[in-house]
Amino acid sequence: MDWQAAISGAAARVADHVRRTPVATLRFGARTVRFKFEQMQHTGSFKARGAFNTLLQAEVPQAGIVAASGGNHGAAVACAAAALGHRARIYVPRIAGPAKIALIRAQGADLQVVPGAYAEAAERAAEWQAATGAMQVHPYDAEATVAGQGTVMAEWEDQGLDADTVLIAVGGGGLIAGALGWLQGRRKVVAIEPETACALHAALAAGAPVDVEVSGIAANALGAKRIGDICFGLAQAQGVESVLVSDTAIAEAQAMLWRETRQLVEPAGAAALAALLSGAYVPAEDERVAVLVCGGNVAPDPLDSV
């Protein structure tokens, strides 16, 4: 797979449909950190890139689109489907939380909330696809999805990214796979995962994707039970390091982002910064570090009552 060509194509394809999100260089204590604020993307996460890239090159059947999601992917698919005039049915688990459920509903999708976690939503989505012939949009383990997510890194470099190392939070692996596909080893990429939702970490240790138990404050965004094959292949080939962070460290980074930058992000969005602030990842003295802030759908919505 020529990932750079695929991502360049995706960037051209989605340019009129996604936001060019801002970047900043900020001081945190004694360290300068480069940020990209992808939580300012449509529906509050990078997921819109993969959703639009997928639908813009697909022949969508009369039965429409179906997707399973922990929340952010479902909102992005619903948004892209509405923008392009397609019907969408989205399955989410109850642990997605009221804010993300409300966000999906606001996009006009046929929303189905199911018991359990993402795995249960995925099962229901697969059943619907089999019964109706609807087109399924995978949240992370599909080439079109990964190429779309890779446009984040292509865009960041075009904005003048000045970093040796990029820290990226990992759930199912679509975002980091896109970054790895674009960079091809030109910069160091470090995978950041919660201690209680670490599918890539477990796969790298086992030498193949394996199932993991999932829990914790970032589970509704980073709670994939099994890492995607595309992500695993790229991460293993490029020797990616996986660093684990605690829920406490994630919550502290989330609070720090609000206090220091007035950026309100969800736990998954703060996970990469948590590795830096907690010392889970310690850069070399002269290492220039960048943090990708990936999602901002906070639960509960702080302005829900307004």
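Every read-out reported here was derived from the displayed coordinates using simple, explicitly stated rules and does not represent laboratory data. As the structure is a computational prediction, the values presented were derived from the model and not from experiment. Please note: Cβ atoms are built from the backbone with ideal geometry, for glycine as well, and neighbour counts cover all protein chains shown.
For residue 160, what is the net charge nearby, where nearby means another residue's Cβ is under 14 Å from its Cβ and Lys, Arg count +1, Asp, Glu -1?
On the way: positive: 20, 34, 36, 187, 288; negative: 155, 157, 158, 162.
Counting the neighbours of residue 160, the net charge comes to +1.
For the residues 26, 111, 277, a GNM of the chain with alpha-carbon springs under 10 Å puts the largest fluctuation on 26.
Translational diffusion of the stretch 145-186 was estimated from the Stokes-Einstein equation, with Rh taken as the Kirkwood radius over Cα pairs; at 25 °C and 0.890 mPa s the coefficient is 237 µm²/s. Computed from label points 7 Å out along Cα-Cβ, the spacing between residue 31 and residue 211 is 3.6 nm.
When the chain is treated as a Gaussian network with alpha carbon springs shorter than 10 Å, the biggest mean-square fluctuation among 146, 92, 113 belongs to 113. Evaluated at q = 0.08, 0.11, 0.15 Å⁻¹, a Debye calculation over the C-alpha positions of the chain (equal weights, vacuum) places log10 I(q)/I(0) at -0.30, -0.58, -1.15. Put simply, when 258-266, 176-184, 134-142 are sorted by average Cβ atoms within 10 angstrom per residue, most first, you get 176-184, 134-142, 258-266.
Can you give the direction-averaged projected area of the convex hull of the alpha-carbon atoms in the stretch 140-251, in nm²? Spell out each step's value before the answer.
On the way: hull surface 26.4 nm².
Dividing the Cα hull surface by four gives the mean projection, 6.6 nm².
With the cut-off at under 19 Å, measuring from each backbone N in the stretch 121-147 to a point 7 Å along the Cα-to-Cβ line of residue 110 picks out 121-138. Taking 0.36 nm per residue of separation and subtracting the Cα-Cα distance, full extension of the segment from residue 2 to residue 59 would add 18.3 nm. The long axis of helix 267-278 is offset from the longest Cα principal axis of the chain by roughly 10 degrees.
Our Cα-only numbers for the stretch 47-136 put the radius of gyration and Dmax at 11.7, 33 Å.
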